[in-house]
Amino acid sequence: DPKVFENALQCLRHGRRMNISYRSPAGKTSRRNIDPLKLVNYQGRWYILAWCHLRRDRRMFHLARISRAAATVLRTMHRLDPGDDWLSGTFGIFKGGAAERYQARILFSGTAAEIVRRQRWHPGQQMDQTGEGLVLTLPVADDRELLMKILQFGSRARILEPDSLRRKAREELDKMVQHYHNEQH
């Protein structure tokens, strides 16, 4: 919505708190007061990084899920410091509240290794060639987006670390397999 985008810009420019109606991915709508910190374009989608007064934490809001946005008379109480690496310190757009950062290691083989070798997933990534393929290591705080990216490579990607991410992938794959075992034509 161009009005939402314009209001976000104006609130950022003038240091004003915003009142928004936000729809979660599950479809639940909530009203929130936020202190806009930064507009972010990530993979062609617009997000606003903000301090959420409801959650008392930083949140990333997808602008397309904001149905109403209005500036308030209140000044923002929170700022983004120049050296703050909350956005850039880990892989992906999802940051998940106060999640701990960890290193994920993924082994890519065959064509997946050749594709990933030419990609930059994160400035802090490391790539190591092994006899089995290419091992990508990168910092992560919220693994939702990483899991989606890994699954797109199918059997040509294998999570080496951490075990918690391996478990999540296994659980998702088990659910996917069930779709095809229970398939009715």
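The values are calculated or read from the model by the stated rules, or taken from the named source; none is laboratory data. These figures come from a predicted structure and were not determined experimentally. Here the Cβ is made from the backbone with ideal geometry for all residues, glycine too, and neighbour counts use every protein chain on show. With ligands, DNA and RNA removed, areas are computed over all heavy atoms of the protein, side chains included. Shrake-Rupley method; radii C 1.70, N 1.55, O 1.52, S 1.80 Å.
Report, by residue number, each residue of the range 141-162 that is closer than 11 Å to Ala104 by Cβ and open to solvent by 60 Å² or more (accessible area, probe 1.4 Å).
Scanning the range 141-162 gives a single hit, Glu161.
Give the range 10-53 a look and list any residue that's in contact (Cβ under 8 Å) with a residue 40 or more places away in the chain, among the aromatic types (Phe, Trp, Tyr) and touching a strand residue (DSSP E or B) at 6+ places or on another chain (Cβ under 7 Å), or say none.
The answer is Tyr22, Trp46, Tyr47.
Take Ala113 and decide whether it is surrounded by 10 or more Cβ atoms within 10 Å (Cβ to Cβ), small (Gly, Ala, Ser) and over 20 Å from the mean Cα position of the chain (by Cα).
Numbers: surrounded by 10 or more Cβ atoms within 10 Å (Cβ to Cβ): yes; small (Gly, Ala, Ser): yes; over 20 Å from the mean Cα position of the chain (by Cα): yes.
For Ala113, the condition - surrounded by 10 or more Cβ atoms within 10 Å (Cβ to Cβ), small (Gly, Ala, Ser) and over 20 Å from the mean Cα position of the chain (by Cα) - is met.
Please specify each residue of the range 69-90 satisfying the condition of being open to solvent by less than 80 Å² (accessible area, probe 1.4 Å) and either in a strand (DSSP E or B) or of a type in the set (S, T, N, Q) (or both).
Looking only at the range 69-90, we keep the residues that are open to solvent by less than 80 Å² (accessible area, probe 1.4 Å), and these are 69-72, 76, 78, 80, 83-90.
Scanning the range 69-90 gives Ala69, Ala70, Ala71, Thr72, Thr76, Ser88, Thr90.
Cβ-Cβ distance below 7 Å, separation of 6 or more or different chains: which pairs start in the range 62-90 with a residue that is farther than 16 Å from Trp51 by Cα and end on one that is at pLDDT 90 or above and part of a strand (DSSP E or B)?
From the range 62-90, the pairs are Arg65/Tyr22; Arg65/Arg23; Ser67/Ser21; Ser67/Arg23; Arg68/Ile20; Arg68/Ser21.
Residues being of a type in the set (Asp, Glu) and either in contact with a helix residue (DSSP H, G or I) (Cβ under 6 Å, 6 or more places away or on another chain) or free of Cβ contacts under 8 Å to residues at least 40 places away in the same chain (or both): count how many of those fall in the range 133-185.
First, the residues of the range 133-185 that are of a type in the set (Asp, Glu): 142-143, 145, 161, 163, 171-172, 174, 183.
Filter again for either in contact with a helix residue (DSSP H, G or I) (Cβ under 6 Å, 6 or more places away or on another chain) or free of Cβ contacts under 8 Å to residues at least 40 places away in the same chain (or both), leaving 143, 163, 171-172, 174, 183.
Within the range 133-185, residues that are of a type in the set (Asp, Glu) and either in contact with a helix residue (DSSP H, G or I) (Cβ under 6 Å, 6 or more places away or on another chain) or free of Cβ contacts under 8 Å to residues at least 40 places away in the same chain (or both) number 6.
With the structure loaded, tell me whether Leu138 is surrounded by 14 or more Cβ atoms within 10 Å (Cβ to Cβ), assigned to a helix (DSSP H, G or I) and either of a type in the set (Ser, Thr, Tyr) or under 19 Å from the mean Cα position of the chain (by Cα) (or both) or whether it fails that test. Give the steps one after another, and end with the answer.
Working: surrounded by 14 or more Cβ atoms within 10 Å (Cβ to Cβ): yes; assigned to a helix (DSSP H, G or I): no; either of a type in the set (Ser, Thr, Tyr) or under 19 Å from the mean Cα position of the chain (by Cα) (or both): yes.
Answer is no for this residue.
Each row is one residue, and each column tells you yes or no for (1) modelled with pLDDT under 95; (2) open to solvent by 40 Å² or more (accessible area, probe 1.4 Å); (3) not in a loop (DSSP other than H, G, I, E, B).
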{"site": "Lys3", "(1), (2), (3)": "yes, yes, yes"}
{"site": "Asn7", "(1), (2), (3)": "yes, yes, yes"}
{"site": "Asn19", "(1), (2), (3)": "no, no, yes"}
{"site": "Ala26", "(1), (2), (3)": "yes, yes, no"}
{"site": "Val40", "(1), (2), (3)": "yes, no, yes"}
{"site": "Ala64", "(1), (2), (3)": "yes, yes, yes"}
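Would it be correct to say that Ala69 is touching a Ser or Thr at 6+ places or on another chain (Cβ under 9 Å) and either within 22 Å of Leu138 (Cα to Cα) or at pLDDT below 90 (or both)? Let's see the steps before the verdict.
Values: touching a Ser or Thr at 6+ places or on another chain (Cβ under 9 Å): yes; either within 22 Å of Leu138 (Cα to Cα) or at pLDDT below 90 (or both): no.
Answer is no for this residue.
Out of the residues in the range 118-135 meeting the condition of being modelled with pLDDT of 90 or more and over 15 Å from Ala104 (Cα atoms), tell me which one is surrounded by the most Cβ atoms within 10 Å (Cβ to Cβ).
Keep residues of the range 118-135 that are modelled with pLDDT of 90 or more, which gives 126-135.
Those left that are additionally over 15 Å from Ala104 (Cα atoms): 129-133.
Working: Gln129: 10, Thr130: 10, Gly131: 4, Glu132: 12, Gly133: 21.
Residue satisfying both the conditions and the ranking: Gly133.
Could you tell me whether Gly96 is modelled with pLDDT under 80, touching a strand residue (DSSP E or B) at 6+ places or on another chain (Cβ under 7 Å), surrounded by 14 or more Cβ atoms within 10 Å (Cβ to Cβ) and not aromatic (Phe, Trp, Tyr)? It would help to see each step written out before you state the result.
Details: modelled with pLDDT under 80: yes; touching a strand residue (DSSP E or B) at 6+ places or on another chain (Cβ under 7 Å): no; surrounded by 14 or more Cβ atoms within 10 Å (Cβ to Cβ): yes; not aromatic (Phe, Trp, Tyr): yes.
So Gly96 fails the test.
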